[in-house]
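Following: one structure in structure tokens, then a few remarks.
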Amino acid sequence: MNRKSHYLDLGLETDFIFRIEKCPLTHDFDVHQHDYSELVVILGGTATHIIEGREYPISAGQVFFIHGNVSHGYKDVDHIQYVNVMFHPDQITQLQELKLMAGFQALFYFEPFYRKEMNFKGMLTLNDEQLRQVTGLLDVILDEHDQRPEGYRMLIRSYFTALMGVLSRYYVANNGWPQNKALRIAESITYLEEHFQEPLNLDMLAERAYLSKRQFLREFARNFQTTPMDYVIRRRLDYSCTLLRNPNLSILQVAQESGFRDQNYYARQFRKIYLCTPTEYRDKYI
């Protein structure tokens, strides 16, 4: 039976959906799903992980990310020790600096979708030294979570950001083989994030991912629920909001520095998203 759990069932707070556990898994765990995401780090032992009907062996050093509403479970459990981090996806998608790391895009966005296609070869496996460093960060997060001293939420977010940054580096270092489809697409998305203010087109992004335009559109929409160019427009608009807070920049300068060559087009797109003109937004926030 594929049961589904919700973050409220765990007693998590609505405004801080985060829980971390370090514990043994002593028995098989039935296939299930939930409305939050999981980051799993295997510290020791072996088992078979079942995900969306496919099975593969897991052992010490393996790290994998599980999107919400994805069916998974464990069988053939043999002395598994693991750390399980349960959190809401918004806690990572809001971290703009991480989006500039190809390893982050690959590990937390694309690898889970390509896991079966790449026959699970694109998963992250840490060596002994890497696992020690990651375990150290996890222990700090665990202590903050369990003790809950003043400011623990802030520090958990900071340490968790550091953890994701370290794992993202290790993903590139350990999985940078040319046929890694998840990493190829991730590198294209990273390029988009770094150059969104510059002229971009679908051909350019698809070529960087070694995909056809049709394939790239499909994969992008599956992960971001929008088209690449609509995503670029939204990034430019969000960036322009920061520039609008500078009274020394004209609206034309804001539009151009954000990547819009036409001020009227910029104003129309801005109103569509923010329901006001750039000038009205500036008057409201400065």
Lys, Arg +1 and Asp, Glu -1 on Cβ, resulting dipole of the chain about Cα centre, debye, nearest 20: 1040
Counting only backbone N atoms under 18 Å from a point 7 Å out along Cα-to-Cβ of M229, the residues of segment 240-265 in range are 259-265
Return, for the Cα atoms of segment 44-120, the radius of gyration and Dmax in Å, separated by a comma. 13.6, 39
Three principal axis extents, largest first, for the C-alpha atoms of segment 1-40, in Å? 32, 24, 16
Calculate the FRET efficiency for L10 and T135 from the Cβ-Cβ distance with a Förster distance of 25 Å, rounded to the nearest 0.05. 0.60
Toy charge model, Lys and Arg Cβ at +1, Asp and Glu Cβ at -1: segment 156-218 dipole around Cα centroid in debye, rounded to 20, equals 320
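How large is the Kirkwood hydrodynamic radius of segment 159-221, in angstrom, based on all distinct alpha carbon pairs? Don't skip to the answer; put the middle values down first.
Values: mean 1/r = 0.0780 Å⁻¹.
Radius from the Kirkwood sum: 12.8 Å.
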What whole-number distance in Å separates the alpha-carbon centres of segment 247-278 and segment 219-239? 17
Can you tell me the orientation of helix 181-194 relative to the chain, as the angle in degrees between its alpha-carbon axis and the longest Cα principal axis, to the nearest 10? 30
May I ask for the angle, rounded to the nearest 10°, between helix 213-224 and the longest principal axis of the chain, with both axes built from Cα atoms and the value confined to 0 to 90°? 70
Ignoring the sites themselves, what is the longest stretch of the chain with no GluC sites (Glu not before Pro) in a DSSP loop and at most 11 other beta-carbon atoms within 10 Å? 151-286
Cross-link reach list, lysines versus K116, counting only Cα pairs under 17 Å and skipping chain neighbours closer than eight places: K181
Can you tell me the orientation of helix 128-147 relative to the chain, as the angle in degrees between its alpha-carbon axis and the longest Cα principal axis, to the nearest 10? 80
Distance from the Cα centre of segment 1-70 to that of segment 152-213, in angstrom? 24
Give the relative contact order (percent, whole number) for segment 116-178; include only Cα pairs under 8 Å separated by 6+ residues. 49
Identify the trypsin sites (Lys or Arg not before Pro) of segment 204-286 meeting these criteria: DSSP loop state and at most 14 other C-beta atoms within 10 Å of the C-beta. R245, R261
note: the chain, Cα-Cα separations exceeding 31 Å make up a percent value of 37
Which value in deg cm²/dmol, rounded to the nearest 500, describes the helix-derived mean residue ellipticity at 222 nm for the chain, given -39,500 (n - 2.57) per DSSP H run of n ≥ 4 and division by the residue count? -14000 deg cm²/dmol
Principal semi-axes in Å for segment 120-166 [√(5λ), Cα gyration tensor, largest first]: 25, 11, 8
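What percent do you get for the relative contact order of segment 238-280 when only Cα pairs under 8 Å and 6+ apart count? Kindly include the intermediate steps, with their values, before the conclusion.
On the way: 29 pairs, mean separation 11.9, N = 43.
Across segment 238-280, relative contact order equals 28 percent.
For segment 175-268, what class follows from the C-alpha gyration tensor (a ≥ b ≥ c being the square roots of its eigenvalues): rounded when a/c is under 1.5, otherwise prolate if a/b is larger than b/c, else oblate? Numbers along the way, then the final one.
Details: a/c = 2.84, a/b = 2.30, b/c = 1.24.
Prolate.
Normalised radius of gyration for segment 111-246, please: alpha carbon Rg relative to 2.2 N^0.38 Å, two decimal places.
Values: Rg = 18.4 Å, N = 136, 2.2 N^0.38 = 14.2 Å.
So segment 111-246 has a normalised radius of gyration of 1.29.
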Assign unit charges at the C-beta atoms only (+1 for Lys and Arg, -1 for Asp and Glu), then state the dipole size of segment 214-260 relative to its Cα centre in Debye, rounded to the nearest 20. 180
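Find the Cα radius of gyration of segment 1-85, compare it with 2.2 N^0.38 Å by division, and give the number to two decimals. Can you show the working numbers first?
Working: Rg = 12.6 Å, N = 85, 2.2 N^0.38 = 11.9 Å.
In units of the 2.2 N^0.38 Å rule of thumb, it is 1.06.
Each value in this text was obtained by applying a stated rule to the coordinates, not by laboratory testing. Just so it is clear, the structure is predicted and the values come from calculations on it, not from any experiment. As a convention, Cβ positions derive from the backbone with ideal geometry for all residues, glycine included, and neighbour counts pool all protein chains shown.
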